[in-house]
1. List the number of the failed condition for residue 119; all other conditions in (1) out of contact with any Phe, Trp or Tyr (no Cβ under 7 Å at 6 or more places or on another chain); (2) surrounded by fewer than 21 Cβ atoms within 10 Å (Cβ to Cβ); (3) modelled with pLDDT of 95 or more hold.
2. Anything in segment 77-92 that is assigned to a helix (DSSP H, G or I) and either surrounded by fewer than 23 Cβ atoms within 10 Å (Cβ to Cβ) or touching a Gly at 6+ places or on another chain (Cβ under 8 Å) (or both)? List them, or say none.
3. Is there a residue in segment 151-164 that is farther than 22 Å from residue 196 by Cβ, at pLDDT 95 or above and surrounded by 18 or more Cβ atoms within 10 Å (Cβ to Cβ)?
4. So residue 45 fits all but one of (1) among the acidic types (Asp, Glu); (2) farther than 27 Å from residue 228 by Cβ; (3) outside any helix (DSSP H, G or I); what number is the exception?
5. Can you pull out the residues in segment 26-71 that are among the aromatic types (Phe, Trp, Tyr) and more than 12 Å from residue 82 (Cβ to Cβ)?
6. Of all residues in segment 191-226, how many are part of a helix (DSSP H, G or I), in contact (Cβ under 8 Å) with a residue 24 or more places away in the chain, of a type outside the set (Val, Ile, Thr) and in contact with a Leu (Cβ under 8 Å, 6 or more places away or on another chain)?
7. From 160, 121, which residue is free of Cβ contacts under 8 Å to residues at least 12 places away in the same chain and more than 14 Å from the chain's Cα centre (by Cα)?
8. Being assigned to a helix (DSSP H, G or I) and in contact (Cβ under 8 Å) with a residue 60 or more places away in the chain is the filter here, so list the residues in segment 48-62 that pass it.
Amino acid sequence: MNSIVKPATYISLLCITVIMSSCSPLKNYDPKDRAWALPEINAFEHQNATTDYSEDAILFIGSSSIRLWKTLAEDMAPYPVIQRGYGGAHFRDMVFFTERILSDHSLSMVVCFVANDISGSAKDGSPKDVLNLFKLFVKQVREKHPDIPILQIAVTPTLSRWDYWDEINKVNQLLKSYCKKTADLYFIDTVPTYLDALGQPKPEWFVKDQLHLNAKGYEVWNGLIKSEIGRVKALN
């Protein structure tokens, strides 16, 4: 059988490749819009070079709620953890750093929380955009860890972003649906717990900015997340 590609066929294949590349959602993201995160990503790599981590650690990855979780290691005991949150993270920048954050760690699980892709900014994507970026993130994790559980935490309802809650919660519903139908992917729905009887965010569980959790907020968050980690580990 002749396996030589004819010139016309080669040109057609090249055109298809170029078109697919130009359609990549990542082409819309300017490198300048993620340069601010580089110092923290570099710091993660320094930690990797100077710290010994357990071979069955749980990697916590995401935005400032992960970074500011000062009692994470204590709260998650006896599960060993690697804390890799950076302030202001969006999926639209994190997918460019996933490989560097994962590094060569041997992991038993990944827990992710990213809450900034819809925040009232002119650079916000649509809920579907966020879903597509999440799918890419999952694919990136799977390239290094084909079978470990990935737990995605819902975006928390907050008073500071309540005007955008309808769109934010659409993200939650899309992620929840995708996790439900995808093997080894789990959604931690924290939303009902953080709403009061009137369906409003509970201000007493947040610091003054009404965006980040206070000690009580973390205590509740930890209970929900750790419970789901235990449940998933029992399944695996």
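The values are calculated or read from the model by the stated rules, or taken from the named source; none is laboratory data. Being a predicted model, the structure only gives us computed values, none of them experimental. Because the Cβ atoms are built from the backbone with ideal geometry, glycine has one as well, and the counts that use them run over all protein chains shown.
1. Of (1) out of contact with any Phe, Trp or Tyr (no Cβ under 7 Å at 6 or more places or on another chain); (2) surrounded by fewer than 21 Cβ atoms within 10 Å (Cβ to Cβ); (3) modelled with pLDDT of 95 or more, only one is false for residue 119: (1).
2. Passing the criteria: only 92.
3. As a first pass, look at segment 151-164 and keep what is farther than 22 Å from residue 196 by Cβ: 151-152.
If we keep only those that are at pLDDT 95 or above as well, we get 151-152.
If we keep only those that are surrounded by 18 or more Cβ atoms within 10 Å (Cβ to Cβ) too, we end up with 151-152.
Scanning segment 151-164 turns up at least one residue that is farther than 22 Å from residue 196 by Cβ, at pLDDT 95 or above and surrounded by 18 or more Cβ atoms within 10 Å (Cβ to Cβ).
4. With respect to (1) among the acidic types (Asp, Glu); (2) farther than 27 Å from residue 228 by Cβ; (3) outside any helix (DSSP H, G or I), residue 45 is out only on (3).
5. 29, 36, 69
6. Qualifying residue count for the region: 2.
7. Of the residues listed, the single one that is free of Cβ contacts under 8 Å to residues at least 12 places away in the same chain and more than 14 Å from the chain's Cα centre (by Cα) is 121.
8. none
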